[in-house]
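Trainee: This is the structure I want to talk about, given as structure tokens.
Every number in this text was worked out from the coordinates using simple rules, so none of it is lab data. Quick caveat: nothing in here was measured; it's all calculated off a predicted structure. Positions of Cβ are backbone-derived with ideal geometry, glycine not excepted, and every protein chain shown enters the neighbour counts.
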Amino acid sequence: MSLKVIIVEDEQSSREILKGYLERYCPDITLVGMADSVKPALELIRIHKPNLVFLDIEMPFGNGFDLLDQVQEINFEIVFTTAFSNYALQAIQVSASHYLLKPINIDELIQAVEQVKLNLDRESQYLNTKILVENVKLENHQLHKIVLPTLEGFEVASVKDIIHCKADDNFTCFFFADGSKKMICRNLKYYQELLSDFDFIRVHKSHLINKNFVLRYRKGKGGTVVMSNGNEIEVSASRKKEFLEAFAGLK
């Protein structure tokens, strides 16, 4: 199956480089159009109904998220391209969407295209993009949603509802405010990095907690913290200082 592809990129040199890479290394794609800004990109999407859009985040006259906000129905895959490792990347990661950092690595490009092929018959990726657009609009990070891969598929959860996470080999067990828990197919280190700006603190090699659900702290070499669900979690001595500093400004 050939993928119909559109490139949306404001720099001509970057458009041509990506076009060349796709034509040389991704034989199962058909490039149906390129655009340098939001308005012509919307027209190309309307006319060609692509399977895949390579979308630059930073563009003149509106960014990549502005484009997605104006698309009536997102029924195509997206691979974001950006030179900036900032808030946008975190939003993309939380929604489990694809992205490539510039300058684009050929192996990563091939991998992204192959993943898109696998996802074409799955509605989950379209849902991921909708979650991404919703997250980018929100100023309050605690309202963000996150896509969590499970053995059966995936779960969509609000970050504000996660009480704590516990490492289980290469998996992570999530504990939620409604009393439920889910085993997620990613390791704890991944979520430590992903949730670091969302009031989550790594207090132990096996535990990541949401400080908004902490009820009390008991002193000790490292100490223990009691969460709102009643679970007591050990704070390692090496992480005690970071944990206490997170609460230093609270009255």
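Trainee: Evaluate the charge dipole of region 139-229 about its Cα centre and quote only its size in Debye, nearest 20, assuming +1 on the Cβ of each Lys and Arg and -1 on the Cβ of each Asp and Glu.
Mentor: Around 580 debye, computed over region 139-229.
Trainee: With r defined as the distance between the Cβ atoms of Asp66 and Leu101 and R0 fixed at 25 Å, what FRET efficiency is calculated, to the nearest 0.05?
Mentor: The formula returns an efficiency of 0.75 here.
Trainee: Apply the Karplus parameterisation 6.51 cos²θ - 1.76 cosθ + 1.60, with θ equal to phi minus 60°, to every residue of region 191-208 and state each ³J(HN,Hα) to the nearest whole Hz, in sequence, with x for glycine and proline.
Mentor: 6, 4, 6, 6, 9, 4, 9, 10, 6, 9, 10, 7, 9, 6, 4, 10, 9, 10
Trainee: Another question about this same structure. Under a straight-distance cross-link criterion of Cα-Cα below 18 Å, which lysines are reachable from Lys219, leaving out those fewer than 8 residues away in the same chain?
Mentor: Lys211, Lys240, Lys241
Trainee: Over region 141-246, calculate the relative contact order: mean separation of alpha carbon pairs under 8 Å at least 6 apart, over the residue count, as a percent.
Mentor: 19 percent
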